[in-house]
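Notes follow the structure.
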Amino acid sequence: MAKEMHKELLFLKNEVSKMGHLALNMLNDSIDSLYNQDIELASDVLEKKEKIKDYDNQIEEKTLKLIMLYQPMAIDLRSLAAILKIITYLHRIGRYGKDIADVVKKHLSERQIALNLVNLRHIYEHVHSMIEDALKAFEEMNISGIKDFETRDDEVDKLRWSIFRECLTYMIEDPKYITECAHYMMFARYLERCGDHACKIAEKVHYMVTGKHIEIS
Amino acid sequence: MLIKSKNKYKHGTESDENSTLKDNEFVIECRDLNLWYDEFQALKDINMRYRKNKVTAIIGPSGCGKSTLLRCFNRMNDVIDDCRIEGQVLFNGRDLYDSDADIRLNRKKIGMIFQKPNPFPMSIYDNITYGPKIHKIIEDDILNNITERCLKRAVLWDEVMDRLEDSAMELSGGQQQRLCIARALAVEPEVLLMDEPTASLDPIATQKIEDLILQLKKEWTVIIVTHNMQQAARISDYTAFMYLGEMIEYGETTQIFENPKEKLTENYITGRFG
């Protein structure tokens, strides 16, 4: 019976991994659609909204079923508890990608990007690598890649405020940038939240592997 | 007072919290307890203390020595041929295996419940009053009070109050087990030993016994051997994991089941062996 449960747990972990890469892919495509003014790509991201929701529901159902059938303990129980939380964070990351793509499609596709917001790309790259590392830690049950998350999250926060100040300057200089900059500030906020979710995933992976709770502020 | 142990498992004796227990916080203590059945060593260097008014569960695969350990606490292994014991089992500070230890008194203070309910083939009333009568209580009023009090404590009174003279053998399995608990309580024990008390019961009867155990710990110390890990997790405050006669890990139940310190414990409770 335990053998069957471990087989199903492994399957579930693979599903979480796939969901994680879908969320990452949605975020990546939404940023690309913004920089390349690619409405088609933005539409693709919007279509993936249902898929990531399905992953969330299906993994949750399967996790609860495993708990019900096998009443797991120790590392198995911690893994399932971590999975239930991690899928929520991944779902939100995917939804932020969808939110960015939504704005790109509705408001930014018609106009040229007037501003060269290098920091937005930077913050995205930071967040992307954090999510990737958190997923890798989950897949490999190895926490070495998430040890510097506190510093990396601080860097993301700094970049977000730097974008805020940059946008503020543009808006003061010329009111015609207000709409565009307001959107950029929201994007920066979304990406910064994605970084927070990567930290939450890392916390859960840490608990799953070691049985000890940590807080990455 | 710290316990020194030869146990090779770091967490096989006491959690840090338990190791600094004061004398009045625990009732039974094993010191370097070893037991052999002829040439076979069934218990190896067991050192542990059982907290007062707590439920301690002993888990482990079949043949690991958990029932043997439980039986040491009221000297039931004495009746087994070729059984040899070394070390000490202290009950309230006095060694149960001392040559001048009063076995009858100790068995009164340390009651035992078995896997299969074993009521005496007599009336419900006589089952409860059997022990007190042996201990020279003969007044009807007192015996009636004991019967009512113990059946109430065992949450059986409401079901049998109108038929105390009926044979105990007519009760259901769950009721019989609760009667056995009531019978054990009738001689005012301090500790209740339970050897898989729900193994032969259906889920509803099991639920009632588990609820009862949680009630009992307010007044008694309970040590329970169980194969059912979920049951151990539900009802016990402390859990000890045994393997091949050794105490591998002993600590708070939530810690043992959520985050065991020994790999062997983890492998057992996650079903990777056993």
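Just so it is clear, none of the values below were taken in a lab; they were calculated from the coordinates. Quick caveat: nothing in here was measured; it's all calculated off a predicted structure. Neighbour counts are summed over all protein chains in view; Cβ atoms, including those assigned to glycine, are modelled from backbone coordinates with ideal geometry.
Data table
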{"item": "The protein assembly as shown, helix-only ellipticity at 222 nm - DSSP H runs n ≥ 4, -39,500 (n - 2.57), divided by all residues, nearest 500", "result": "-18500 deg cm²/dmol"}
{"item": "Descending Cα extents along the principal axes, chain B, whole Å", "result": "55, 43, 36"}
{"item": "Within the stretch B:132-274: Cβ-based charge dipole about Cα centre, in debye rounded to nearest 20 (Lys, Arg +1; Asp, Glu -1)", "result": "260"}
{"item": "Nearest-0.05 FRET efficiency for A:HIS6 and B:GLU39, computed from C-beta distance (R0 45 Å)", "result": "0.75"}
{"item": "Percent antiparallel among DSSP beta bridges (both partners in the stretch B:99-249, rounded to 5)", "result": "30"}
{"item": "Isolated Cys in chain A, by beta carbon distance under 4.7 Å", "result": "A:CYS194, A:CYS199"}
{"item": "Candidates A:GLY145, A:GLY20, A:GLY97, ranked by Gaussian network fluctuation over chain A, Cα under 10 Å, top entry", "result": "A:GLY145"}
{"item": "Quarter of the Cα convex hull surface for the stretch A:1-51, i.e. its orientation-mean projected area (nm²)", "result": "3.6"}
{"item": "Cα Rg, Dmax, the protein assembly as shown, angstrom units", "result": "31.6, 103"}
{"item": "For peptides B:137-147, A:86-96, sequence by mean Cβ density within 10 Å, most packed first", "result": "A:86-96, B:137-147"}
{"item": "Exposure proxy order (Cβ contacts within 10 Å, fewest to most) of A:ILE123, A:ILE83", "result": "A:ILE83, A:ILE123"}
{"item": "Mean-position separation - Cα centroids, the stretch A:14-92 and the stretch B:101-154, in angstrom", "result": "60"}
{"item": "Fraction of the pair-distance distribution of the stretch B:152-274 above 17 Å, Cα-Cα pairs, percent", "result": "60"}
{"item": "Antiparallel bridge percentage (DSSP; both residues within chain B; nearest 5)", "result": "60"}
{"item": "Cross-link pairs A:LYS147/B:LYS263; A:LYS65/A:LYS105; A:LYS49/A:LYS204; B:LYS109/B:LYS261; A:LYS158/B:LYS261 - those with Cα-Cα distance over 32 Å", "result": "A:LYS65/A:LYS105; B:LYS109/B:LYS261; A:LYS158/B:LYS261"}
{"item": "Shielding by partners - mean other protein chain Cβ count within 10 Å, residues of A:77-90", "result": "1"}
{"item": "Farthest toward positive dipole pole in the protein assembly as shown [+1 Lys/Arg, -1 Asp/Glu at C-beta], among A:GLY195, A:LEU22, B:GLN215", "result": "B:GLN215"}
{"item": "Separation between Cα centres of the stretch A:141-209 and the stretch B:196-274, rounded to whole Å", "result": "46"}
{"item": "The stretch B:175-217, Rg to Rh (Cα coordinates; Rh as Kirkwood inverse mean 1/r)", "result": "0.94"}
{"item": "Total charge dipole magnitude, the stretch A:135-217, about the Cα centre, Cβ charges on Lys, Arg, Asp, Glu only, Debye to nearest 20", "result": "200"}
{"item": "Peptide ranges A:34-43, A:164-173 listed from the most packed, as the mean C-beta count within 10 angstrom indicates", "result": "A:34-43, A:164-173"}
{"item": "Cα lying deepest toward the dipole's positive end in the stretch A:144-217, options A:HIS213, A:TYR170, A:CYS181, charges on Cβ", "result": "A:HIS213"}
{"item": "The stretch A:1-122: equivalent-ellipsoid semi-axes (sqrt of 5 x gyration tensor eigenvalues, Cα, Å)", "result": "37, 12, 9"}
{"item": "Loop trypsin sites (Lys or Arg not before Pro), the stretch A:1-89 (other Cβ atoms within 10 Å of the site Cβ: 16 or fewer; DSSP)", "result": "none"}
{"item": "Excluding exposed DSSP-loop trypsin sites (Lys or Arg not before Pro) (at most 12 other C-beta within 10 Å), longest clean stretch of chain B", "result": "B:23-135"}
{"item": "The stretch B:112-197: C-alpha gyration tensor shape, a/c 1.5 cut-off, then a/b vs b/c", "result": "oblate"}
{"item": "At R0 = 51 Å, FRET efficiency that the Cβ-Cβ distance of A:LYS85 and B:ILE137 yields, to 0.05", "result": "0.30"}
{"item": "Cα gyration tensor category, rounded, prolate or oblate, for the stretch A:67-217 with a/c compared to 1.5", "result": "prolate"}
{"item": "Dipole of the protein assembly as shown, positive direction: furthest Cα of B:ILE128, B:GLY87, A:PHE11, with charges on the beta-carbon", "result": "B:GLY87"}
{"item": "Size of charge dipole - the protein assembly as shown - debye, nearest 20, with Cβ of Lys, Arg +1 and Asp, Glu -1, no other charges", "result": "200"}
